[in-house]
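The values are calculated or read from the model by the stated rules, or taken from the named source; none is laboratory data. Just so it is clear, the structure is predicted and the values come from calculations on it, not from any experiment. Cβ placement follows ideal geometry from the backbone for every residue including glycine, while neighbour counts extend to all protein chains displayed.
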Amino acid sequence: MFCSPHNPSGRVWTVEELCKIGDICLKHNVIVVSDEIHQDFVFRGKHTVFANLGEKYQQNCIICTSPSKTFNLASMLISNIFIPNAQLRRKFRKEVNAAGISQMSVLGLVAAETAYSKGEEWYYKMIEYVRGNIDFVQNFVKNNLPEVRMIDTEGTYLVWLDFRKTGLSTEELDRRIIHNAKLWLDSGKIFGKCGEGFERINAACPRSILQEALERIKNVL
């Protein structure tokens, strides 16, 4: 299970890194399921679809995308699964049918088609605004939160903040953010032990909301 671009760190993988992962998986007979749902949010570098690395990688992967992140359509319950390998595709369809998933949402289908065919102008304006929000967070952290480090965001609209130098335990950090700042961020601990001491912020919102959230964090620290 592979996340590209990476959530929560915002890493945009290089072609060399992707090929290395692909080679390791081929060597050990491991299928790559590449979650590329944030592929439209790349601010530095270039997103490479895993299946486009070459024929041998293409035949050993499943690519997952959706309009839900880019066009805010998560409630429409629509996604895209690309499986170039015919045998693997048959296996996948068999499992989907066995799970009783036989029809998709009509609203979702119409929403996805509309977003992909008519949403280009909106997309470019949205991505410019989100890029500005990420820059805003970076500047705010640099100027107002000296003990907090923002991990460089290459992709996604999610900002990964490192609070470990504050000296606060994970429990105390969560308590201050939830109960004192009255914010609902994603605690790094939900991503495993390596995420403890981090918090994830969604920057895809009005800048006024983002500024208020950051001011609240500043106050409780």
query: Does residue 62 qualify as being surrounded by 15 or more Cβ atoms within 10 Å (Cβ to Cβ) and in contact (Cβ under 8 Å) with a residue 12 or more places away in the chain?
result: yes
Total residues in the stretch 82-95, condition of a type in the set (A, V, I, L, M) and either surrounded by fewer than 13 Cβ atoms within 10 Å (Cβ to Cβ) or modelled with pLDDT under 95 (or both): 1
message: Against the conditions (1) modelled with pLDDT under 95; (2) within 24 Å of the chain's Cα centre (by Cα); (3) of a type in the set (A, V, I, L, M, F, W, C), where does residue 98 fall short? Just the number, please.
response: (2)
message: Quick check on the stretch 135-150. Is at least one of its residues in contact with a Gly (Cβ under 7 Å, 6 or more places away or on another chain), acidic (Asp, Glu) and assigned by TED's automatic domain parsing to the domain that holds residue 189?
response: no
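Each row is one residue, and each column tells you yes or no for (1) among the hydrophobic types (A, V, I, L, M, F, W, C); (2) free of Cβ contacts under 8 Å to residues at least 12 places away in the same chain; (3) under 21 Å from residue 216 (Cα atoms).
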residue: 104; (1), (2), (3): yes, no, no
residue: 117; (1), (2), (3): no, yes, no
residue: 124; (1), (2), (3): no, yes, no
residue: 130; (1), (2), (3): yes, no, yes
residue: 141; (1), (2), (3): yes, no, yes
residue: 144; (1), (2), (3): no, no, yes
task: Tally the residues that are under 22 Å from the mean Cα position of the chain (by Cα) and in a loop (DSSP other than H, G, I, E, B), restricting the search to the stretch 130-165.
output: 8
task: Return a yes/no flag: does the stretch 53-65 have any residue that is out of contact with any Pro (no Cβ under 7 Å at 6 or more places or on another chain), at pLDDT 95 or above and on the phi > 0 side of the Ramachandran plot.
output: yes
message: Looking at the stretch 137-161 only, could you name the residues that are closer than 24 Å to residue 37 by Cα and not polar (S, T, N, Q)?
response: 137, 150, 151, 152, 154, 155, 157, 158, 159, 160, 161
query: Residues in the stretch 147-200 that are polar (S, T, N, Q) and closer than 14 Å to residue 7 by Cα: how many?
result: 3
query: Of the residues 159, 106, 96, which single one is within 30 Å of residue 77 (Cβ to Cβ) and in contact with a helix residue (DSSP H, G or I) (Cβ under 6 Å, 6 or more places away or on another chain)?
result: 159
task: Among the numbered conditions (1) more than 22 Å from the chain's Cα centre (by Cα); (2) outside the structural domain of residue 199 (by TED's automatic domain parsing), tell me where residue 168 comes up short.
output: (2)
task: Count, please, the residues in the stretch 166-221 that happen to be polar (S, T, N, Q), touching a residue at least 12 places away in the same chain (Cβ under 8 Å), part of a helix (DSSP H, G or I) and within 22 Å of residue 41 (Cα to Cα).
output: 1
- request: Just need a number here: residues in the stretch 177-204 that are of a type in the set (D, E, K, R), out of contact with any Pro (no Cβ under 9 Å at 6 or more places or on another chain) and crowded, with 19+ Cβ neighbours inside 10 Å.
  value: 1
Extreme residue, nearest to residue 43 (Cα to Cα), among residues of the stretch 13-29 that are of a type in the set (Val, Ile, Thr) and free of Cβ contacts under 8 Å to residues at least 24 places away in the same chain: 21
